[in-house]
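Below is one structure, written out as structure tokens, with a few remarks after it.
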Amino acid sequence: MKELLYVEDECKEPIETDPFISILKDAEFEVEVAESGEKAWQRLSEKKYDGLVLDIMLLHEGKNIPEDIPRYRTGIYLLESLRGGKFPKNKEIPVVVVSAICDLDDIRKIKDEMCPDKYLEKPIRPPVLLDAVKKAVRAEK
């Protein structure tokens with residue numbers, strides 16, 4: 001079973017009822033959820049995953065994400081850190097970015113410089129996310 005890290009601070013509670021997590025689990029992915037940038041940082045540091053679903057606008061607290069990084073750029077900071085080699089266990093991880101950001105410069109930076117396997121703009125439907133994750137994980141390096 002492929003393991004995914006799902007980084008999203010607005011999951012439906014309880015987690016088991018979130019439609020995005022449910023569809024991924026039904027497709028036989030093991031899904032671990034990180035509800036903040038800090039939790040994502042910790043999990044990416046500790047464990048190897050087969051795929052990453054990353055929201056861009058995330059809460060962050062703690063020591064690993066600088067306080068001057070605004071909430072709407074936390075996911076960008078995580079992706080820059082990932083691509084910069086901060087998480088050796090996950091250096092080749094397929095990434096699906098899911099975001100509602102509107103800043104065209106940020107969108108270009110994510111797509112062109114950080115090269116996620118797929119960039120999805122919110123709102124999205126659960127089947128669209130599932131399809132993107134399946135393709136990204138199947139194309140794993």
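Laboratory data are not the source of any read-out in this text; all were calculated from the coordinates shown. Computed from a prediction, not measured in an experiment: that's the story for all the values here. Please note: Cβ atoms are built from the backbone with ideal geometry, for glycine as well, and neighbour counts cover all protein chains shown.
Any idea which of LYS48, LYS89 is of a type in the set (Lys, Arg) and either buried (at least 21 other Cβ atoms within 10 Å of the Cβ) or in contact with a helix residue (DSSP H, G or I) (Cβ under 6 Å, 6 or more places away or on another chain) (or both)?
Among LYS48, LYS89, only LYS48 is of a type in the set (Lys, Arg) and either buried (at least 21 other Cβ atoms within 10 Å of the Cβ) or in contact with a helix residue (DSSP H, G or I) (Cβ under 6 Å, 6 or more places away or on another chain) (or both).
Within segment 9-115, considering only helices (runs of 4 or more DSSP H) that don't extend past its boundaries, which have at least 2 residues that are under 12 Å from the mean Cα position of the chain (by Cα)?
Because the criterion is at least 2 residues that are under 12 Å from the mean Cα position of the chain (by Cα), the helices (runs of 4 or more DSSP H) in segment 9-115 that meet it are 37-46, 74-83.
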